[in-house]
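Participant: One structure, pasted below without further comment.
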């Protein structure tokens, strides 16, 4: 069980509705293979299960997943079920709907009427009777459009007891305002990192003003696809990492956490050593000078 002395608790906590989580969590996408949505390179099953169990031991109580996180032989949701069920009482599992992949890996986007089926798919795979948090993953085609019909359908599933809390992913401030008029939003999950744009920063700021968790993920590569870091760390990141005896990845996690008390980090990995390093970044305190250097990137 999570304790206040666990490594993941070093950056403090935040509330997702009535659920309190440590600010460092785990993204499940990379548990399924070496690259995002790679159907040809499945992960080592036992190593992925080890990562999940070790994460909970380190105090991680917030796992981000999706039914569309799968490779040729691995499903993130099923790995989570295998590794962690029966689930700890304090474990919060967040998933995403609207975006989906068929069994061959091809992307499709659900109609409002199909969202229930997507929620039920997550329930089956995770072995749950309700989902803690469901994020509505907004497609690029709705960047400037309404999400009311889809979010309203999710709100109905919340009223029916299938979903406890609702969030948004890939959202603008206009999407957030539209959704908030329908049902409470507990988190917004958007691409965000060192060098974030003014528009991305605006969403972070508005979430903070409203007490909504902001949950950054790495940049999108292609429609609905999440990719990891490019591998090219700027000189400022390298210099700050050297000064703290930390890795560039740890600096990026710490920088994320320094963007506000409402910001949650969900670094993804399928490697136990990387997991331990990511969680340890909760205790990394960047100086004002460090933050100023990173702001120039």
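A short reminder: the numbers here are calculations on the coordinates, not readings from a lab. Since the structure is predicted, the reported quantities are computational estimates derived from the model, not experimental observations. Note: ideal-geometry Cβ built from the backbone for every residue, glycine included; neighbour counts use all protein chains shown.
Participant: According to a simple spin-label model (label point 7 Å from Cα along Cα-to-Cβ), what is the distance in nm between residue 46 and residue 106?
Facilitator: In this crude spin-label approximation the distance works out to 3.8 nm.
Participant: Across region 54-143, what fraction of all alpha-carbon pairs, as a whole percent, falls in each successive 10 Å bin from zero upward?
Facilitator: The calculated distribution, bin by bin, is 15, 49, 28, 8, 0.
Participant: Can you compute the label reach from residue 120? Point 7 Å from Cα along the Cβ direction, backbone N cut-off under 13 Å, restricted to region 154-190.
Facilitator: It comes to 162, nothing else.
Participant: Multiplying the sequence separation of residue 130 and residue 209 by 0.36 nm and subtracting their Cα-Cα distance, what value in nm do you get?
Facilitator: Numbers: separation 79, 0.36 × 79 = 28.44 nm, distance 2.91 nm.
Extra length available between residue 130 and residue 209 comes to 25.5 nm.
Participant: When DSSP beta bridges are limited to those with both residues in the chain, what percentage is antiparallel, rounded to the nearest 5? Could the numbers behind the result be given before it?
Facilitator: Numbers: 10 of 35 bridges.
Beta bridges within the chain, antiparallel portion: roughly 30 percent.
Participant: Now a separate question. Answer rounded, prolate or oblate for region 239-293, using the Cα gyration tensor with square roots of eigenvalues a ≥ b ≥ c: rounded when a/c is under 1.5, else prolate when a/b is larger than b/c, else oblate. Numbers along the way, then the final one.
Facilitator: On the way: a/c = 2.45, a/b = 1.30, b/c = 1.88.
Taking the square roots of the gyration eigenvalues as a ≥ b ≥ c, region 239-293 is oblate.
Participant: Which order do 98, 14, 107 fall in if you start with the one that has the fewest other Cβ atoms within 10 Å? Don't jump to the answer; show the numbers that get you there.
Facilitator: Working: 98 27, 14 23, 107 15.
With the fewest neighbours first, 98, 14, 107 line up as 107, 14, 98.
Participant: Here's something else I'd like to know. Starting from the exponent 0.38 and prefactor 2.2 Å, build the expected Rg for region 107-166 from its residue count and divide its actual Cα Rg by it. Provide the component values of the computation, followed by the final result.
Facilitator: On the way: Rg = 11.6 Å, N = 60, 2.2 N^0.38 = 10.4 Å.
Rounded to two decimals, the normalised Rg is 1.11.
Participant: Shape verdict for region 1-122, please, from the Cα gyration tensor: rounded (a/c under 1.5), prolate (a/b greater than b/c) or oblate. Don't jump to the answer; show the numbers that get you there.
Facilitator: On the way: a/c = 2.36, a/b = 1.42, b/c = 1.66.
Since a/c reaches 1.5 but b/c is at least a/b, the shape of region 1-122 is classed as oblate.
Participant: Using 0.36 nm times the number of residues separating residue 149 and residue 18, minus their current alpha carbon distance, what extension gain do you get? Before the final figure, lay out each step's value.
Facilitator: Details: separation 131, 0.36 × 131 = 47.16 nm, distance 2.55 nm.
Length gained, residue 149 through residue 18: 44.6 nm.
Participant: Where both residues lie in region 1-96, what percent of DSSP beta bridges are antiparallel, nearest 5?
Facilitator: Details: 6 of 11 bridges.
Beta bridges within region 1-96, antiparallel portion: roughly 55 percent.
Participant: Of the listed values (1) 60, 35, 31; (2) 44, 44, 41; (3) 53, 42, 36, identify the label whose number matches Cα extents along the principal axes in Å calculated from this model.
Facilitator: Label of the calculated value: (3).
Participant: At 7 Å along Cα-to-Cβ for each site, give me the label-to-label distance between residue 271 and residue 242 in nm.
Facilitator: 2.1 nm
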